[in-house]
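**Student:** Got a structure for you, questions after.
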Amino acid sequence: MKLVFAGTPEVAVPALDALIASGRHEVAAVVTRPDAPAGRGRRLVASPVAQRAEEAGIEVLKPAKPRDEDFLARLREIAPDCCPVVAYGALLPRVALDVPAHGWVNLHFSLLPAWRGAAPVQHAIMAGDEITGASTFLIEEGLDSGPVYGTVTEEIRHTDTSGDLLTRLAFAGSGLLSATMDGIEDGTLKAVPQPAEGVTTAPKITVELAHVDWSAPALRVDRLVRGCTPAPGAWTVFRGERLKLIQVAPLPDHTDLAPGELAVGKNNVYAGTGSYAVELLWVQAQGKKPMRAADWARGVRIPSGERLGV
């Protein structure tokens, strides 16, 4: 088939690579978000997908909105058979959805209908799910509600951050998306409607949602930190300033601290929760680089009984 691939961040690159490498289909063009400011100089930088496509000599389309007439005209000229999508980052209007004969097929990082929305991996970790995966489905105008072509499962490890898990899913999902294109092309794969039961939503993680509640159980604090790493980053307040929490570890045998109360050992820093304590392993103070919590604690000289979140 002739394909137009839509995607933007680094997590979409493995799927694009898999489609290019398969040799079975022609990736005629890539659709991605416009160049965005990045780095200290805030200069405009092309998306990871755009950079990879340019390296491969593939035409790159960067519409401000996917309903722009110039973009739609070019899409019709290319006349793709199907448009695979991975984390493109913009809603596709009906006028664009109708162009390819086999529609737009999205690789979504959950086992649909669970965790429809922008942050499925983060929400799966925060909810304490043990298994997640990726799904390919035909895009409709609803939120991730279209019929599913295929799935692949992935175990959530107890130390996984959303970055760790998303990286594994990106590579596992790339094979699924490539196989889905093959099945659509040879007619062996049919999309199956999602069940009405089991629908959960995964909205974007806001900075407010990433705020640690120290009265919550230790496992919930740990899941929040892992789910929000690397972005937007779980945080608390220390001496009136934000302190980002990069890694913590639950300590079931450590139950003598009040919620948010800090205790400092020679090489350890502990914080109380609504159940048992967690050890702070890596933190990032406002305006500073990430550091080991023990080094941070030595620098700020924490007295007995000082608390986080105040």
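**Student:** List the pairs whose first member sits in region 59-77 and is open to solvent by 80 Å² or more (accessible area, probe 1.4 Å), whose second member is of a type in the set (D, E, K, R) and at pLDDT 95 or above, and whose Cβ atoms are under 6 Å apart, counting only residues at least 6 apart or on separate chains?
**Tutor:** none
**Student:** For residue 132, which of the numbered conditions (1) closer than 30 Å to residue 218 by Cβ; (2) open to solvent by 10 Å² or more (accessible area, probe 1.4 Å) fails to hold?
**Tutor:** Tallying (1) closer than 30 Å to residue 218 by Cβ; (2) open to solvent by 10 Å² or more (accessible area, probe 1.4 Å), residue 132 fails exactly one: (2).
**Student:** Would you check if residue 290 is open to solvent by 50 Å² or more (accessible area, probe 1.4 Å) and not aromatic (Phe, Trp, Tyr)?
**Tutor:** Details: open to solvent by 50 Å² or more (accessible area, probe 1.4 Å): yes; not aromatic (Phe, Trp, Tyr): yes.
Yes; evaluated as a whole, the condition is true for this residue.
**Student:** Would you check if residue 173 is on the phi > 0 side of the Ramachandran plot and either in contact (Cβ under 8 Å) with a residue 24 or more places away in the chain or not in a loop (DSSP other than H, G, I, E, B) (or both)? It would help to see each step written out before you state the result.
**Tutor:** On the way: on the phi > 0 side of the Ramachandran plot: no; either in contact (Cβ under 8 Å) with a residue 24 or more places away in the chain or not in a loop (DSSP other than H, G, I, E, B) (or both): yes.
No; evaluated as a whole, the condition is false for this residue.
**Student:** Restricting to region 258-281, what's the tally of residues that are among the basic types (Lys, Arg) and not in a loop (DSSP other than H, G, I, E, B)? Spell out how you get there, then give the answer.
**Tutor:** From region 258-281, those among the basic types (Lys, Arg) are 266; that's our starting set.
With the extra rule that they be not in a loop (DSSP other than H, G, I, E, B), the set shrinks to none.
Total meeting the criteria: 0.
**Student:** Can you find a residue in region 180-199 that is open to solvent by 80 Å² or more (accessible area, probe 1.4 Å), modelled with pLDDT of 95 or more and closer than 30 Å to residue 302 by Cα?
**Tutor:** no
**Student:** Could you grab the pairs with beta carbons closer than 7 Å, sequence gap of 6+ or different chains, first residue in region 126-155 and over 17 Å from residue 87 (Cα atoms), second one surrounded by fewer than 19 Cβ atoms within 10 Å (Cβ to Cβ) and among the polar types (S, T, N, Q)?
**Tutor:** These pairs meet every condition: 131/153.
**Student:** A follow-up question, please. Among the residues of region 135-153, how many are open to solvent by 40 Å² or more (accessible area, probe 1.4 Å) and among the acidic types (Asp, Glu)?
**Tutor:** Residues meeting the conditions: 2.
**Student:** Another question, if that's okay. Could you list, in sequence order, the residues of region 27-58 that are more than 18 Å from residue 174 (Cβ to Cβ), surrounded by fewer than 20 Cβ atoms within 10 Å (Cβ to Cβ) and out of contact with any Asp or Glu (no Cβ under 8 Å at 6 or more places or on another chain)?
**Tutor:** Listed by number, the residues that qualify are 34, 35, 36, 37, 38, 39, 40, 41, 42, 43, 54, 57.
**Student:** Can residue 24 be described as open to solvent by 50 Å² or more (accessible area, probe 1.4 Å), closer than 18 Å to residue 103 by Cα and not in a strand (DSSP E or B)?
**Tutor:** On the way: open to solvent by 50 Å² or more (accessible area, probe 1.4 Å): yes; closer than 18 Å to residue 103 by Cα: no; not in a strand (DSSP E or B): yes.
It is false that residue 24 is open to solvent by 50 Å² or more (accessible area, probe 1.4 Å), closer than 18 Å to residue 103 by Cα and not in a strand (DSSP E or B).
**Student:** Of the residues that make up region 116-125, is at least one more than 22 Å from residue 229 (Cα to Cα), open to solvent by less than 10 Å² (accessible area, probe 1.4 Å) and not small (Gly, Ala, Ser)?
**Tutor:** If we filter region 116-125 for residues that are more than 22 Å from residue 229 (Cα to Cα), which is where we start, we get none.
No - not one qualifying residue is present in region 116-125.
**Student:** Does any residue in region 22-46 that is small (Gly, Ala, Ser) come within less than 6 Å, Cβ to Cβ, of a residue that is assigned to a loop (DSSP other than H, G, I, E, B) six or more places away or on a different chain, and which pairs are these?
**Tutor:** That search, which allows pairs on different chains as well, returns 46/35.
The values are calculated or read from the model by the stated rules, or taken from the named source; none is laboratory data. Predicted model, so just to flag it, every value in this text is computed and none were measured. All Cβ positions, even for glycine, are placed from backbone atoms using ideal geometry, and neighbour counts span all protein chains on display. The accessibility values were calculated without ligands, DNA or RNA, using every heavy atom of the protein model including side chains. Shrake-Rupley method; radii C 1.70, N 1.55, O 1.52, S 1.80 Å.
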